[in-house]
Amino acid sequence: MAYKRRKSGEPVDKLLVLKGVVTFIGVLIIFRLFYLQVVRHDYYQQIAAKEHYGETELPARRGEIFVKDYSSNEPVRVATNVTLDTLFVDPTIITNPKLVADRLAPIIYDVEEARKEDQQRVETEHKRAKTEEDVKKIKSLTDEELYKKFSEDLLNDISQKVRSTIILSNDASPEVMEKVKNLGLVGIEVTEKNILAYPDKLTNSKGFVAAQLATYLEMSPSRLEQILEGKNRYVILKKKIKPEISAQIQKLIEEDKDKNFFGIGLKEEYYRYYPEASLAANVLGFVTPDGIGNYGIESKYNTQLQGKKGIFQGEKDGLYGRQITVGDSVIKPAVDGDNIVLTIDRSMQMVIEKKLAKAVEDYRADSGQVVVMDPNTGYILAMAHYPSFDPNNFSAVTNTDEVNFTADEIKNLTPIEGEDGNFWFYRNVPAHDRYKVMSEIIENGQKIYKRYKNWIGLEAYQNKIVSAPYEPGSVFKAITMASAIDDKDVTADTAFNDPGFLNIDFNVITGKHDSEPIENVSAKCTGYVNMTHVLSNSCNTGLSWIAKRMGKTLFYSYIIRFGFNERTGIEFDNEHPGNVAHYNNWHSESDFLTKSFGQGLTVTPLQMVTAYAAIANGGKLMQPHIVDKIIQDNGKVIQTEPMVVQQVISEQTAHTITAMLVNAVENGVARNAALPNYYLAGKTGTSQTYLRGKAMTGAGTTLASIAGFGPIDNPKFVLYVKFDRPRTSEWADATAVYLYRDIAAYLYEYMGIPPDKK
């Protein structure tokens, strides 16, 4: 069929065009309906379901953590959950603030809490006082004055319908903060970290200010204007209210016929609760307000402890969106978190923590750690740190005290690189005895200085036993000796003539020795001595002589076999592997031989106690564990089984080293650890610390440790004690051994082990 070409000027057939347009639109509609109803059917069905059904999350209960009570054989909760109310108010709808404040104040007022806060105020003012006149003006408030102040503050909170300060941004870039500052808006302040608004100080209209700021704050002007209104819709009056106090408040609200308390409410909030307070805190860690585990077991098993949230889905009516109770509903139940039972013995942990705290204070050490392990299973029975923290109030580690420095002391503060306004204050420069100081400008423009109340701040959270490697020093000598005896390079009776020093790294070109000679601390090492004498008296030259006989390759292989230079696999997620360089990188005699007495390598306390456990357990290296079992929500129990990693040394070698370590306690450097009724195996270690690459000397510069086990015929415990920078003495035999002896005596009695020494 031939189409007739329309000539220019002929009239258009409008009906034909209209039909074409209608046909085209119809095709589009059909295609769109096909796409929506067929291709995207599932997607829009889900949207419709969400509109028709209301969904509510069902929270899962966080799993609990238990330790063992070996005397009763019952688990004891050390981490559980509580729900406490938060009291809040919406000031914008309170019609009679004075009446509300007068009724609430006597219910929620805590006189002990008020006294404590006032005491802190008095102490702070004393530190800031410049003259005797200033001191005389400082007075503690009476109980009546404290209650009056509390009531006035409460009334102010309830009455404040407009917020005095609004944080508009706390993460703006420096460029944005500079541009906002250049706007020169009255009532808008740019501080070091925040962009703030003060609604009652704004001189321009809120609409104008919002329009000026909107571009920089990436927010719509209308939303920003609403924020600048500063309506105070939610003010927290008190958190963690005891149940009996909540009941009184609830009764007050329910009996309020005049609606004076309309705007007062109680909100349930979940809290992680630690019934034993600071017990094993560095093992447990803590949980943040948003439910995330930090440090320790709470962090390692956060996912398992959290469980899985459930969903409640109820059908809603189409008119008002209300739930239809007779309609179909779907419930996906929450899965509560797993419960975890630790290998820790509650009584043992509690007693050891108390003994450790006293010892750290007595020896004026920075900190201290103690580990007790069952050598037959690898289970950790106690793992103690001091200073520690209370996970119920974990933020308290950042609490500070003001420090009054003299003008000369301020001049000598050492700035901390990368931390503006923070300094080191050295009490003893040669000993590297220092603490952190933070400066702050207060309201009157005066600069003050603060330090952490616990002296160490966030460091209190650390589990140093698994995460802080150190040079072990002489406590490592038992490992070297065990390796040499197992390889049959020496026996306990092998003797050599010890001159008391050993020249190393001879340079054939210069004819001199490039390194300082290896020397002994004790004069008892000099002369014709056997290996038992060498270990008992901690002779550096003797251990170096042994290492030479073994050779680099073999010595390194034994270090690795004992579990050093790799993580043990204990149930923590921040374990450090330590650092032992490969023997190919031991480029000098010094690199090689100093490792024989625990220098030039780093280990963790956990690696050290695990290695000694291998000696105590007939040469078998056990996998250390601190989790005994995991109990899942469905009742399934995942039990931790003892596991032998490998046979490190022979059983005969283990017996030989045990006898030598007993001699070290009875007759050698660890003699201060000896008990009157029991034999103990043990070896001390005094590790040097360094300043700008140079070893420091003197009290306050060393790490003092001792490791050992008992009873010697059938060891039930391996014990490790370490002090960081004790200031009463630099030596382990004057510090760590006494706590070691004290704890060992307790363990013999607690575990019911009969005396073995006649």
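Tabulated results
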{"read-out": "Condition met for ILE518 (among the β-branched types (Val, Ile, Thr) and either in contact with a helix residue (DSSP H, G or I) (Cβ under 6 Å, 6 or more places away or on another chain) or without any contact (Cβ under 8 Å) to a residue 24 or more places away in the chain (or both))", "value": "yes"}
{"read-out": "Set SER246, SER278: member being at pLDDT 90 or above, among the small types (Gly, Ala, Ser), within 36 Å of the chain's Cα centre (by Cα) and outside any helix (DSSP H, G or I)", "value": "SER278"}
{"read-out": "Matching residues in region 67-106 - criterion: being of a type in the set (Gly, Ala, Ser) and farther than 19 Å from LYS238 by Cβ", "value": "SER71, SER72, ALA79"}
{"read-out": "Among the candidates ALA129, ALA114, residue that is in contact with a helix residue (DSSP H, G or I) (Cβ under 6 Å, 6 or more places away or on another chain) and modelled with pLDDT of 85 or more", "value": "ALA114"}
{"read-out": "Verdict on ARG103 being surrounded by 15 or more Cβ atoms within 10 Å (Cβ to Cβ), of a type in the set (D, E, K, R) and under 20 Å from ASN260 (Cα atoms)", "value": "yes"}
{"read-out": "Test: residue in region 528-551 that is under 20 Å from SER687 (Cα atoms), in a helix (DSSP H, G or I), in the same structural domain as ARG561 (by TED's automatic domain parsing) and aromatic (Phe, Trp, Tyr)", "value": "no"}
{"read-out": "Condition broken by ILE485, with the remaining ones in (1) modelled with pLDDT under 95; (2) farther than 30 Å from ILE626 by Cβ; (3) in a helix (DSSP H, G or I) satisfied", "value": "(1)"}
{"read-out": "Criterion (in a helix (DSSP H, G or I), among the hydroxyl-bearing types (Ser, Thr, Tyr), closer than 30 Å to ILE560 by Cβ and at pLDDT 95 or above) met by exactly one of TYR746, TYR740", "value": "TYR740"}
{"read-out": "Which listed residue, of GLY421, GLY457, is more than 29 Å from VAL609 (Cβ to Cβ), surrounded by fewer than 18 Cβ atoms within 10 Å (Cβ to Cβ) and not aromatic (Phe, Trp, Tyr)", "value": "GLY421"}
{"read-out": "Residue check for LYS524: among the basic types (Lys, Arg) and either touching a Cys at 6+ places or on another chain (Cβ under 7 Å) or in the same structural domain as GLU651 (by TED's automatic domain parsing) (or both)", "value": "yes"}
{"read-out": "Number of the condition not met by HIS625 [criteria: (1) modelled with pLDDT of 95 or more; (2) buried (at least 24 other Cβ atoms within 10 Å of the Cβ)]", "value": "(2)"}
{"read-out": "Within region 87-192, helices (runs of 4 or more DSSP H) holding 2 or more residues that are closer than 30 Å to THR203 by Cβ", "value": "143-159, 174-182"}
{"read-out": "Selection status of THR80, exposed (fewer than 11 other Cβ atoms within 10 Å of the Cβ) and either in contact with a strand residue (DSSP E or B) (Cβ under 7 Å, 6 or more places away or on another chain) or modelled with pLDDT of 70 or more (or both)", "value": "no"}
{"read-out": "Criterion (more than 30 Å from ARG272 (Cβ to Cβ), in contact with a helix residue (DSSP H, G or I) (Cβ under 9 Å, 6 or more places away or on another chain) and surrounded by fewer than 13 Cβ atoms within 10 Å (Cβ to Cβ)) met by exactly one of GLU144, GLU152, GLU175, GLU225", "value": "GLU152"}
{"read-out": "Residue match in region 212-234 (condition: in a strand (DSSP E or B) and among the hydroxyl-bearing types (Ser, Thr, Tyr))", "value": "no"}
{"read-out": "Checklist (1) out of contact with any Pro (no Cβ under 8 Å at 6 or more places or on another chain); (2) surrounded by fewer than 20 Cβ atoms within 10 Å (Cβ to Cβ); (3) of a type in the set (Ser, Thr, Tyr) applied to SER483, failing item", "value": "(2)"}
{"read-out": "Filter result (closer than 26 Å to ARG671 by Cβ and either of a type outside the set (A, V, I, L, M) or in contact with a Gly (Cβ under 6 Å, 6 or more places away or on another chain) (or both)) within region 535-561", "value": "SER536, ASN537, SER538, CYS539, ASN540, THR541, GLY542, SER544, TRP545"}
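So that you can scan it fast, the table gives a plain yes or no per residue for (1) modelled with pLDDT under 80; (2) surrounded by fewer than 17 Cβ atoms within 10 Å (Cβ to Cβ); (3) touching a helix residue (DSSP H, G or I) at 6+ places or on another chain (Cβ under 9 Å):
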| position | (1), (2), (3) |
| --- | --- |
| HIS41 | yes, yes, no |
| TYR44 | yes, yes, yes |
| ILE65 | no, no, yes |
| SER71 | yes, yes, yes |
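The values are calculated or read from the model by the stated rules, or taken from the named source; none is laboratory data. Note that this is a predicted model, so its numbers are computed, not measured. Ideal geometry is used to build each Cβ from the backbone, glycine not excepted, and the neighbour counts take in all protein chains shown.
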